[in-house]
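Following: one structure in C-alpha cells, then a few remarks.
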Amino acid sequence: MILNIDIIRSFYKSLPDKIDGIRKLLGHPLTLTEKILLTHIVNRSGISGLRRKEEYADFLPDRIAMQDATAQMALLQFMVTGKEQSSVPASVHCDHLITGKFGAEEDLKTALGMNREVYEFLSSVCSKYNIDFWNPGAGIIHQVVLENYAFPGGLMIGTDSHTPTAGGLGMLAPGVGGADAVDVMTGMSWELKLPEIIGVRLTGRLNGWTSAKDVILKLTGMLTVNGGTGSVIEYFGDGAESLSCTGKATICNMGAETGATCSVFGFDASMSEYLASTGRGEVAELASSYKDNLTGDPEVYADPERYFNQLYEIDLSALEPYINGPFTPDRAIPISRMKEEVLKSGCPLKIGAGLIGSCTNSSYEDISRASSVIENALFQKLSLKSEFIVIPGSERIRTISEEAGFIEIFRKAGAKIFANACGPCIGQWDRGSTDGMKANTIIHSFNRNFARRADGNPDTYAFVASPEIVAALSVAGNLLFNPLTDLLFNSERDIVMLPEPTGRTLPQEGFKGTVSGYQQPPADRTNIDIKISPDSERLQLLEPFKEFDLQNFQNMPVLIKAMGKCTTDHISMAGTWLKYRGHLENISENYMTGAVNSFNGKINSVLNVLSGNYESVPKVARSYRNSGLSSVVVGEDNFGEGSSREHAAMEPRFLGVGAILVKSFARIHETNLKKQGVLTLTFVNNSDYNRIREDDWFDIIGLEQLAPGSKLKLTLNHSDETVEYIEAGHSYNENQISWFKAGSALNLIRKSK
Ligand code: MIC
Ligand code: SF4
C-alpha cells in the first residue's frame, strides 16, 4: 500500500512546468531548496522581489505529521476551529509517552494502560477529522514518516523539531509548533520567513569507523547551535551521493541542532533504492523520471559560492568519528582529541550506559553496523562494560533487524531492547537505581544532550556519537577509549582490538511484512464522539486567551531573568511532565523550572516582589497573574532552542507573562510565542540585559503603534526610584501583529468561523 499515492502522482505531473516558470521568473539556475519552496509558495508570481531572511512568504505544504506529545495540544486547538476535517493529509504518531524500563513488551503494556485516555482521545480525534493514526509501538514519527509518507520534492510540516529527517528522502520538512499545523489543517497557508540557504559540499567516501552521523556531528560543531538559524542546509556533491538514504536522514534530522529550518539532499539512486525497499516502487519510478526537478541545477553545484549564502565543505574520506558533548550538541570533539578534552572537563570516565537508536539513528544500516561491533566483541571474548540499550525506530526496522539476527546479538551481549519509541531520548527512562542521580556519564546516538534530558539528573553527562562508536565505547565502558587506535584486555587477559564495523544499508529482500500499527480513518466519520472528562488530569479543553489590552503592558514585574542556555527543555521540561501535554493548567506548573535565575544562580527560585519571598517560578507567575499583573521574562541568546513544543509558549501566556525580552530567539519558539499572543522582543543593545534588576517594574511604550520594523521603548523603574530606558526590536509582520492584537492566532481563526 502506498499512502496518498494519488497526490504524489499529480504533484510530479505538474512539477516540470512549475519549475521552468520559477527559473524564468528568477532568471537564474535554482537550488533544490528554491525548487521545493517556490513550487509550494502561494503567490508564485511575486517571487522575484523576495529577499532571503527578510521577507515572510506563505506556503502550501503537502502534508502534516504530528506526534502524541504535541498532537494533543494541536488537535485541541483544531477542535475549536469548528472545521470538519483536516484540509491536508495528516498523521499522528504515538511515540513520546512510552517509558523505557524493562524492555519493549512490558513497557508498551504499561504505557497502554497509563496513557489509555490520551491514546483514545487521539485515535478518536484522528478518526473524526480524517487523520492517519499510528498506534503506540508502531514507531517514532520521523522513521514512520520516512518509511511511509516522505517523497522527494515534497513540502511537509511537522509538530516536532526533527521533522527535517525527511530531507534524507529529498523532502523539505521544517518542524513547527502546533498552531502552525492547525492553520494548515484548516486550509490556510503556512508562513515562513524566506530562509537563506547554506550549501554543504560533500566529497570523498566514508570509511572505517566513520559514519553519516559524524558529518552532522562535525557540522554542528562548525555551525554551533544557532549558526543554521533562518537557513535551510542543502547538501550536494559526489560524497552526498555516496551516502545511504537513511544516512542522509540522520544528517537532516540532527541539522535541527544547528537551528536550521530544515536540511535536504537531492534525489539520487540511494533514495530510489530506499523507496523500493520500503514498498514504494511507484514513487521511486516517478521520482526517477522527474529527477532533474528533484535536485539543484548543475550550474548551482558547479559554482556554489554564487548561489548559496554560505558554503561549507566536508571530505568524507578524511572525516574521523566525533563525540559531541556534554550538555550541548555542538561541543564537537574528534575522537583523536577525546582523551585530552575529557580529562580537562572533569566528567566521570566510566560510562554508565550506552544507548543506540531513536529517530536519529535507528536505520537498518545503523543497527547492522552497531551489531557487528558487538558481535566482533563477543567473538573476541569481550563483554559489555556499560548498560546497553537499543531503541529501534519503528516496528518495521525492529522486525527486519530481528530477522537478520542483529537483535539476537544485542540480547546475547546482555542489552535491553526498548519499545519502538522515544524513551530515554526524552526523559522517558526509568533507570531503576540511584545511579541515575549521581554524577555519571552516558553516551548515545540520539541528537540532543541538554542537561537532565535523558533521565532528569543534572549530573548525567551525556555525549552524542554514532551507533557504532556508542557500541564500541560501551564494550570498553570508558570515555577515553578510541576504537581506532586502542587495545582492550579480553576475559582471558589477551590483548585484542575491535575490528572496523561492517553493515548493510538495506535488507536484501526489502522491508517485507505489513505496515504495523496503522489506523486508517473510517469512511463514515459522522458519529464519532470525542469525550474529555472535566476531571481529567491529562486533557483539558482550551479557553480562549484574552484580547490585547494596553494596561497589561504597564507596571510589569520581572518574573525571571534567565541566565545562559535556556532551551525548551529548561522552559517546559519533558520526562515526567509529558503526561500533562494535553492539560494546559497542569503542565504550566513546570514553566521555567529548569532555567537558571541570573540573580541568585538558582534553578526554580525567583523573587516574588509582592511578598518579598523566593518561590518557584510558576508560583510567582500565578501570584502576579492573580493580582492582575502581567510579567516579563528576560533571557539570553537562542532562547527556546530545541523542541517545537508550543507548551513552552502557551504556559507563559496562561500564567500571565505579557512579554519575553531576549538577546535572540530560536525560530520555532519565537513563532509559537507570537501565535499564542505573548509579545516577543529582542534587545537592540544586548548589554542592556545587565541593566535589568530583580525588582524592576517595566512599562512598554509604543505598543499601539506596533508596526513591522518599529522599535519599542521600555522603561525600567528601579526600586531606588531611578528610571532607565532601553530599546527593543521585534520581528512581527502585519499578520502577526493581528494575532497579537486578537490575543492569539487561534482567536482570529475562531472569529472568522
Ligand atoms: C524533542 O526531541 O525534544 C521532542 C520531544 O521530540 C520535541 C517535541 C516535544 O517536545 O514534544 C521536539 O523535538 O520538537
Ligand atoms: Fe523522539 Fe528523541 Fe526523536 Fe524527539 S529527538 S522525536 S524525543 S526520538
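The values are calculated or read from the model by the stated rules, or taken from the named source; none is laboratory data. No experiment lies behind these values; they were computed from the predicted model shown. With ideal geometry, Cβ positions are generated from the backbone for all residues, glycine too; neighbour counts draw on all protein chains shown. Keep in mind that these areas ignore ligands, DNA and RNA; they rest on the heavy atoms of the full protein, side chains included. Shrake-Rupley method; radii C 1.70, N 1.55, O 1.52, S 1.80 Å.
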_the stretch 214-260 - convex hull of alpha carbons, volume per residue in Å³_ = 63 Å³
*Over the C-alpha atoms of the stretch 452-598, what are the Rg and the largest Cα-to-Cα span, Dmax, in Å?*
25.7, 77
*Given C-alpha coordinates of the stretch 462-509, what is the ratio Rg to Rh with the Kirkwood estimate of Rh?*
1.06
*Pull up the DSSP beta bridges for the stretch 596-753 and report the antiparallel fraction as a percent, rounded to 5.*
60 percent
*Leaving out same-chain residues fewer than 8 places away, which aspartates and glutamates sit with a Cα under 15 Å from that of Lys218?*
Glu257, Glu313, Asp315, Glu320, Asp330
*Neighbour net charge for Leu275 - beta-carbon separation under 12 angstrom, K R +1, D E -1*: -4
*Reachable aspartates and glutamates from Lys531, Cα under 20 Å, same-chain residues fewer than 8 places away excluded?*
Asp68, Glu84, Glu117, Glu120, Asp132, Glu543, Glu585
*Taking a point 7 angstrom from the Cα of Ser336 along the C-beta vector, which residues in the stretch 449-483 have backbone N less than 17 Å away?*
481-483
*Once you have a ≥ b ≥ c as the square roots of the Cα gyration tensor eigenvalues for the stretch 240-299, tell me rounded if a/c is under 1.5, and otherwise prolate or oblate according to whether a/b is larger than b/c.*
oblate
*For the chain, with equal point scatterers placed on the C-alpha atoms only and solvent neglected, what are the log10 I(q)/I(0) values from the Debye formula at q = 0.08, 0.09, 0.11 1/Å, to two decimals?*
-0.61, -0.78, -1.20
_Relative contact order of the stretch 674-750, defined on C-alpha pairs under 8 angstrom at six or more residues apart (%)_ = 39 percent
_the stretch 540-647: mean projected area of Cα convex hull, nm²_ = 7.4 nm²
*asked:* Counting only protein heavy atoms and a 1.4 Å probe, tell me what percentage of the chain's accessible area is made up of carbon and sulfur.
replied: 48 percent
*For the stretch 246-368, count the residues as N, evaluate 2.2 N^0.38 Å, and divide the Cα radius of gyration by that value, please.*
1.35
*asked:* With Kirkwood's inverse mean 1/r over C-alpha pairs for Rh, give me the Rg to Rh ratio of the stretch 618-753, two decimals please.
replied: 0.95
_Leaving out ligands and nucleic acids, and using a 1.4 Å probe, what accessible area per residue does the stretch 618-753 come to in Å²?_
34 Å²
*Quick one: pull the percentage of alpha-carbon pairs in the stretch 122-244 with a separation above 26 Å.*
30 percent
*lysines whose Cα lies under 23 Å from that of Lys711, excluding same-chain neighbours fewer than 8 positions away*: Lys53, Lys193, Lys561, Lys663, Lys674, Lys675, Lys741
*Helix-only CD estimate at 222 nm, as mean residue ellipticity for the chain, using -39500 (n - 2.57) per DSSP H run (n ≥ 4)*: -9000 deg cm²/dmol
*By how many nm would the segment from Lys101 to Glu537 grow when fully extended, if each residue of separation counts as 0.36 nm and the alpha-carbon distance is taken off?*
154.6 nm
*Modelled label-to-label distance, Glu117 and Arg205, 7 Å Cα→beta-carbon offset: nm?*
5.7 nm
*asked:* Need one number: the % of Cα-Cα pairs in the stretch 631-701 sitting beyond the 21 Å mark.
replied: 21 percent
*asked:* If each residue of separation counts as 0.36 nm, what is the full-extension length gain between Ser491 and Asn733 once their alpha-carbon separation is subtracted?
replied: 80.5 nm
*asked:* Let's see if you can work this out: charge +1 on each Lys and Arg Cβ, -1 on each Asp and Glu Cβ, no other charges. What is the dipole magnitude of the chain about its Cα centre, in debye to the nearest 20?
replied: 540 debye
_Compute and list, largest first, the equivalent-ellipsoid semi-axes of the stretch 357-484 from the alpha carbon gyration tensor, each √(5λ) rounded to a whole angstrom._
22, 18, 12
*Just for the Cα atoms in the stretch 22-115, what are the lengths along the principal axes, largest first, rounded to whole Å?*
59, 34, 23
*Please state the Cα pair-distance histogram of the stretch 363-414 with 5 angstrom bins from zero: what percent is in each bin?*
4, 21, 34, 23, 12, 4, 1
*Accessible surface, the stretch 236-309, averaged per residue in Å² (probe 1.4 Å)*: 32 Å²
*Rounded to the nearest 0.05, what FRET efficiency do Gln551 and Lys711 have when you use their Cβ-Cβ distance and R0 = 30 Å?*
0.85
_Cut-off 9 Å between beta-carbons: net charge of the residues surrounding Thr715, Lys and Arg +1, Asp and Glu -1_ = -1
_Gap separating the Cα centres of the stretch 418-463 and the stretch 283-323, nearest whole Å_ = 35 Å
*asked:* With +1 on the Cβ of every Lys and Arg and -1 on the Cβ of every Asp and Glu, and nothing else charged, how large is the dipole of the stretch 159-256 about its Cα centre, in debye rounded to the nearest 20?
replied: 380 debye
_Summed residue charge, Cβ within 9 Å of Ala421's Cβ, Lys/Arg positive, Asp/Glu negative_ = -2
*Quick one: dipole size for the stretch 482-606, taken about the Cα centre, charges +1 on Lys/Arg Cβ and -1 on Asp/Glu Cβ, in debye to the nearest 20.*
160 debye
_Assuming 0.36 nm per residue, please report the length gained on full extension of the stretch Asn309 to Arg504 beyond their Cα-Cα distance._
66.6 nm
